[in-house]
Amino acid sequence: MAARCAVIGVGNTILSDEGAGVHLVNRMQARWQCSPQVDFVAAGTSGLQVADMMAGYGSVILLDTIISDKPPGTVLVVAKEQLLQPEPAQGLAGHAVGLKKAIELARIQGTVPVNLVLVAIVPALIAFGETLSAQVEAAMKQYESVTLALMQTMGITAARKQGVQKNGAE
């Protein structure tokens, strides 16, 4: 059996694309029936609280936005080794300084999960608004697919919930 896994969505859902991680974790929780050891967590902008949220899990997948020179909607995977580097991770969105500090706090406390990865999407728009930009919305399927593939490498099984179609409609 795979270790307990948390899929933690981070971001601010009233700042357009900045909330993509939270939107994705909510969509995945609604669409996928996963192994019982998986918890979907919408952390919002909790930054430092993510350290506590990671405690007790063998695997954690963080979902967030990342500022990059890549085109909006690009999905990037940031490995544990890079996340544990002491200098601030370049390009992480506003609350992510707190996310970086949360990872450092977990390192100090000895609670960093064995498997830790950030799946991030490049935003097109960070402004007041509760909907995603067209570019990020168009990339959400890929964002979800990359996350599901990582879950599978961690021994997590996921099956589409009954009544949920491929496009997510019920």
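Once you keep just the Cα pairs under 8 angstrom separated by 6 or more residues, what percentage relative contact order results for the chain?
Dividing the mean separation by the residue count of the chain yields 32 percent.
Which of the DSSP-defined H helices in the chain satisfy a minimum axial length of 27 Å, computed from C-alpha atoms, and a minimum mean Kyte-Doolittle hydropathy of -0.5?
Qualifying helices: 134-153.
In percent, what relative contact order does segment 1-60 have, based on Cα pairs under 8 Å that are 6 or more apart in sequence?
Once normalised by length, the contact order is 47 percent.
Determine the per residue accessible area of the chain with all protein chains present and a 1.4 angstrom probe, expressed in square angstrom.
Accessible surface, normalised per residue, equals 48 Å².
222 nm [θ] for the chain, helices only, -39500 (n - 2.57) per DSSP H run of 4+, per residue, to 500?
Computed mean residue ellipticity for the chain: -10000 deg cm²/dmol.
For the chain, which longest stretch is free of loop sites, where a loop site is one of the trypsin sites (Lys or Arg not before Pro) that DSSP puts outside H, G, I, E and B and that has at most 13 other Cβ atoms within 10 Å?
Longest stretch, sites excluded: 1-160.
Take the solvent-accessible surface of the protein heavy atoms, probe 1.4 Å, and return the percent of it on the chain that carbon and sulfur atoms account for.
54 percent
The values are calculated or read from the model by the stated rules, or taken from the named source; none is laboratory data. Fair warning: this is a prediction, and the values are worked out from it, not measured in the lab. We place every Cβ from the backbone using ideal geometry, glycine too, and count neighbours over all the protein chains shown. SASA here: full protein model, heavy atoms, side chains in, ligands and nucleic acids out. Shrake-Rupley method; radii C 1.70, N 1.55, O 1.52, S 1.80 Å.
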